[in-house]
1. When all protein chains stay in place, what accessible area (Å², nearest 10, 1.4 Å probe) is found for residue 123?
2. Roughly how far apart, in whole Å, are the Cα centres of segment 111-147 and segment 41-99?
3. From the helices alone, meaning DSSP H stretches of at least four residues, give me the mean residue ellipticity at 222 nm for the chain, per-run term -39500 (n - 2.57), in deg cm²/dmol to the nearest 500.
4. Sort segment 55-131 into rounded, prolate or oblate with this rule: let a ≥ b ≥ c be the square roots of the eigenvalues of the Cα gyration tensor; rounded if a/c is under 1.5, and if a/c is not under 1.5, prolate when a/b is larger than b/c, oblate otherwise.
5. If you roll a 1.4 angstrom probe over the protein chains with everything in place, what fraction of the accessible area of segment 1-127 belongs to carbon and sulfur, to the nearest %?
6. Would you kindly derive the ³J(HN,Hα) couplings of segment 44-58 from the backbone phi angles with the Karplus curve 6.51 cos²θ - 1.76 cosθ + 1.60 (θ = phi - 60°), listing them in order in whole Hz, with x for Gly and Pro?
7. Using a Gaussian network model of the chain with C-alpha springs under 10 Å, which one of 136, 103, 64 is most mobile by mean-square fluctuation?
8. Excluding ligands, DNA and RNA, what is the solvent-accessible area per residue of the chain at a probe of 1.4 Å, expressed in Å²?
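The values are calculated or read from the model by the stated rules, or taken from the named source; none is laboratory data. Please read these numbers as outputs of a predicted model, since none were measured by experiment. The area values use the complete protein model at the heavy-atom level, side chains included, leaving out ligands, DNA and RNA. Shrake-Rupley method; radii C 1.70, N 1.55, O 1.52, S 1.80 Å.
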Amino acid sequence: MPRADKIPAWARRTGIEVSGWTLIALGAAALVLPGPGLLMLVAGLAILSLRYAWADRWLHPVKVQAYRAAEQGVRSWVRIVIALAGALTLIAAGITWGLWRSVPAWWPLEERWWLPGGWTTGTALILSGCIAIALVGYSYVRFRPSK
């Protein structure tokens, strides 16, 4: 395993920049799309805080919000079931998307408004569903009081 001091400084800086900003961009997108948006923002800020004081200042409040959302998500069994149903729906949509390459007959809009099918889109949906299930499990173990 290479030691950190053997990695050239420019490669370390570039790796921090690329990975941190990629996670910030994906996290911002996942706030409105399916996915763990706050978690990715926390990860991106944690990486960028290695180089920037502003990222370190923002890390704590975003982390608090992420943990608060995770705690609220497992507060009741209804929320847990809804979250898991949503995650399973994402996985089912991913499988359907992967198998369905043409515009289905039931699509009510023009053909140009149908997203391209195939396994690239399908895999992204399946991965999002799996991450959501893992996050529900993590939140359950971490925040759900044992009785």
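1. Residue 123 has an accessible surface of roughly 80 Å² with all protein chains in place.
2. Taking the Cα centre of each part, segment 111-147 and segment 41-99 sit 10 Å apart.
3. -24000 deg cm²/dmol
4. It comes out prolate by the Cα gyration axes.
5. 69
6. Karplus values, whole Hz, x for Gly and Pro: x, 5, 4, 5, 5, 5, 5, 10, 10, 5, 4, 5, 5, 5, 7.
7. 103
8. Working: 10160 Å² over 147 residues.
Here the per-residue accessible area is 69 Å².
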